[in-house]
Each structure stands twice: as structure tokens, then as C-alpha cells.
1. I'm trying to understand the selection: among the residues of the range 77-89, which are aliphatic (A, V, I, L, M) and touching a residue at least 40 places away in the same chain (Cβ under 8 Å)?
2. I'm checking my understanding of the structure. Among residues of the range 1-43 that are part of a loop (DSSP other than H, G, I, E, B) and within 10 Å of the chain's Cα centre (by Cα), which one is surrounded by the most Cβ atoms within 10 Å (Cβ to Cβ)?
3. Restricting to the range 53-89, and then to whatever is in a loop (DSSP other than H, G, I, E, B) and among the polar types (S, T, N, Q), can you tell me which residue is surrounded by the most Cβ atoms within 10 Å (Cβ to Cβ)?
4. Look through the range 90-110, keep the residues that are free of Cβ contacts under 8 Å to residues at least 60 places away in the same chain and either assigned to a loop (DSSP other than H, G, I, E, B) or among the polar types (S, T, N, Q) (or both), and return whichever of them is surrounded by the fewest Cβ atoms within 10 Å (Cβ to Cβ).
5. With respect to VAL41, is the statement that it is closer than 21 Å to SER2 by Cβ and among the β-branched types (Val, Ile, Thr) true?
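Coordinate-derived values only; no laboratory data. The structure displayed is predicted, hence computed values, not measured ones. Glycine gets a Cβ as well: all are built from the backbone with ideal geometry, and neighbour counts include every protein chain shown.
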Amino acid sequence: MSEVTKERAAFAEWLARQHLRFDSRLTQVIYLPAGAPDDEVRLLEVNTGLYPEPGSLIISVETTPAVTDFPFRVRVADVTPDEWQQIQTDAKLLPAGWGLEGNRITRRAR
């Protein structure tokens, strides 16, 4: 594993913990490194506060902090617990280019 990959994974875990800490509707955050450029962190957030229309596409939103020389771009997609269950059996439901390979799950501390 390269140093950049390690740094990206460490940042993704830290960011996942921050999101879980500040948003009580999140139950878990999944870091999805598969297919991402070296400078991009992709997070899938399982959110109990979502009520999408049936059949809605899962989209990601860029949430990169506005900090000079920040080393990573951040993209986040929120899904319902039911959508997360479906994604685990059909990764094609994820945004284009995203995959489940090598994912790391961070759960809310109890």
C-alpha cells in the first residue's frame, strides 16, 4: 500500500468519525476507495433521515473543504438503510465509477 493510499484511508476514517459525531441520523459511513483517483475520498453515508422517491438515483456531492492546498477532494453520497442493503447485493446502484471492493465501514460508537 502506497503512502498516499494510507494517508487517504486515514483521512477517510477520521472524516467518517466526524460525520457520525455531528449527524445523529447517520448509522455508518462506508469509505469506498475502489476506482477513486489518488486525490479523491468517496464516502457512502447510511442516513435514517432520508425519504427518497422510489427508484431515485444515488448521487454523490462534492464536499471538499475550502482549504488551500487540501490534498483530497471529498465526494459523499447519502443512502437509506434499505438502499445500503440493496447496494450490498447490487453495487451497480452506486454512482458511476464507484465500487464496494476494499470498503471500510465506520459505525457509530455505542
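1. Scanning the range 77-89 gives a single hit, ILE87.
2. Among those that are part of a loop (DSSP other than H, G, I, E, B) and within 10 Å of the chain's Cα centre (by Cα), it is LEU32.
3. SER60
4. ARG110
5. Yes, satisfied.
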